[in-house]
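**Student:** Handing you this structure, nothing more for now.
The values are calculated or read from the model by the stated rules, or taken from the named source; none is laboratory data. The shown structure was predicted, so the numbers you read here are calculated from the model rather than taken from an experiment. Note that each Cβ is placed from the backbone with ideal geometry, even for glycine, and that neighbours are counted across all protein chains shown. The accessibility values were calculated without ligands, DNA or RNA, using every heavy atom of the protein model including side chains. Shrake-Rupley method; radii C 1.70, N 1.55, O 1.52, S 1.80 Å.
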Amino acid sequence: PPFVMINESSDHVSGFSIDLIRLVGAQMHPPRRVEFQVHQTIDEHLDAVRSGEVDLGIAATSFTSERQRTLDFSVPFYQSGLDIAVRPEGDGTPLWEILTSRKLIRAFLMFTVFIVVCAHVVWLTERGESNTFDDSWMAGVGQATWWTIVTMTTVGYGDFVPRKPLSRLLSVLVILAGIVLFGVVVGAVSSALTVQNLTSDIQHPDDLREQTVAVVQETLADRVMSRRGADVLRVPSLDEALLAVESGEAVAAVHDFPLLRHSLSQDSRGLLLVGRLFSIRGYGITYPMGSDLRKEINVALLELTEGEPSPYRQLRERWFGIE
């Protein structure tokens, strides 16, 4: 999922890859009807293609050097990479360090400068006549600062009311800018606290060296993490890999990003995607070596990507949204 999904009760197949191969069949000359044969594992699937038991295979099959030796591939129909699923953990940073982070200091500094500048401008334009603000700098700017803050929050207590046209124009600008600036400050604080609670020390595949990492056996992730020096825990399915992380048996699960994203969108299991893709690969349709269908299907597949919006793009957005 979401490339190939099987309804166990009816054997009905659906998914992005299923819809795509049907579109490809309809695009061919003459149009072809597709019949599906389902296999439970990627090994069974690819063996059926190699032996010629089926004319072609489509799932979420990555290009690898090993597969290329015994199979023919179409042009890529999807570009993806590996990602890491981990348990989110706070890094133990004290609240004071979070609130004094560079991002928050920048937001508060911008907020403070705006208040000070507005206070001085309104004091200079309003002092004197009718004594809206005190004529002395310290008392007058203090009153103007109070006015600026309550105006930004649109509270407006009414104890100070600018009377001059320039001051009233400034009041409108202060109200509008206040909405934006308060949003920036609140967003910066929320972001800092959220990142504190939803982060992990693992941010890169190199962080997984000598760590226990769950992977689906005989996949790209299996080979890549073995080469990177991880202690690989091989399991039959993605669900079992994520369960190993959830239970603490593994510190992370590594798998294809779109499959991880789809699975965690259905059930997050309290896990977090690092979001830094690596080992970028294309997905392709597979054929027995020397298949006559390869070129014809490549032409049909490329034709589906032409035009604006292309049938391929519309199908992709329907399954994955606008990426």
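**Student:** Name the one entry in D222, D201, D206 that is open to solvent by 60 Å² or more (accessible area, probe 1.4 Å) and part of a helix (DSSP H, G or I).
**Tutor:** Answer to the check: D206.
So that you can scan it fast, the table gives a plain yes or no per residue for (1) open to solvent by 40 Å² or more (accessible area, probe 1.4 Å); (2) closer than 20 Å to I175 by Cβ; (3) at pLDDT 80 or above; (4) part of a loop (DSSP other than H, G, I, E, B):
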position: K103; (1), (2), (3), (4): yes, no, no, no
position: R106; (1), (2), (3), (4): yes, no, no, no
position: V116; (1), (2), (3), (4): yes, yes, yes, no
position: V121; (1), (2), (3), (4): yes, yes, yes, no
position: D135; (1), (2), (3), (4): yes, no, no, yes
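**Student:** Considering only segment 36-51, I want to know if a residue exists there that is more than 19 Å from E296 (Cα to Cα) and open to solvent by less than 20 Å² (accessible area, probe 1.4 Å).
**Tutor:** Yes, because at least one residue in segment 36-51 is more than 19 Å from E296 (Cα to Cα) and open to solvent by less than 20 Å² (accessible area, probe 1.4 Å).
**Student:** Can you tell me which residue in segment 1-28 is surrounded by the most Cβ atoms within 10 Å (Cβ to Cβ), limited to those that are in contact (Cβ under 8 Å) with a residue 40 or more places away in the chain and part of a loop (DSSP other than H, G, I, E, B)?
**Tutor:** F3
**Student:** Taking the condition of being in a loop (DSSP other than H, G, I, E, B), of a type in the set (G, A, S) and either more than 18 Å from Q79 (Cβ to Cβ) or open to solvent by 90 Å² or more (accessible area, probe 1.4 Å) (or both), how many residues in segment 284-313 meet it?
**Tutor:** 3
**Student:** For T212, all conditions in the list (1) more than 26 Å from P2 (Cα to Cα); (2) of a type in the set (S, T, N, Q); (3) surrounded by 17 or more Cβ atoms within 10 Å (Cβ to Cβ) hold save one; what is the number of the exception?
**Tutor:** Against the list (1) more than 26 Å from P2 (Cα to Cα); (2) of a type in the set (S, T, N, Q); (3) surrounded by 17 or more Cβ atoms within 10 Å (Cβ to Cβ), T212 comes up short only on (3).
**Student:** I've got another one for you. Check segment 75-90 and report whether any residue there is within 19 Å of V215 (Cα to Cα), in contact with a helix residue (DSSP H, G or I) (Cβ under 8 Å, 6 or more places away or on another chain) and open to solvent by 50 Å² or more (accessible area, probe 1.4 Å).
**Tutor:** The answer is yes; a qualifying residue exists.
**Student:** Might you check whether a residue that is among the β-branched types (V, I, T) and over 16 Å from the mean Cα position of the chain (by Cα) occurs anywhere in segment 284-292?
**Tutor:** yes
**Student:** To continue, here is another question. Go through segment 230-260 residue by residue and tally those that are of a type outside the set (D, E), under 21 Å from D207 (Cα atoms) and out of contact with any helix residue (DSSP H, G or I) (no Cβ under 8 Å at 6 or more places or on another chain).
**Tutor:** Count: 7.
**Student:** Checking the condition on the phi < 0 side of the Ramachandran plot, part of a helix (DSSP H, G or I), surrounded by 14 or more Cβ atoms within 10 Å (Cβ to Cβ) and in contact with a strand residue (DSSP E or B) (Cβ under 9 Å, 6 or more places away or on another chain), which residue from R316, R281 passes?
**Tutor:** R316
**Student:** Quick check: anything in segment 244-265 modelled with pLDDT under 90 and assigned to a loop (DSSP other than H, G, I, E, B)?
**Tutor:** No: segment 244-265 contains no residue that is modelled with pLDDT under 90 and assigned to a loop (DSSP other than H, G, I, E, B).
**Student:** Right, another one. Pairs, please: C-beta under 8 Å, at least 6 apart or cross-chain, first residue without any contact (Cβ under 8 Å) to a residue 12 or more places away in the chain and closer than 19 Å to L46 by Cα and in segment 207-236, second surrounded by fewer than 16 Cβ atoms within 10 Å (Cβ to Cβ) and of a type in the set (S, T, N, Q)?
**Tutor:** So the pair list comes out empty.
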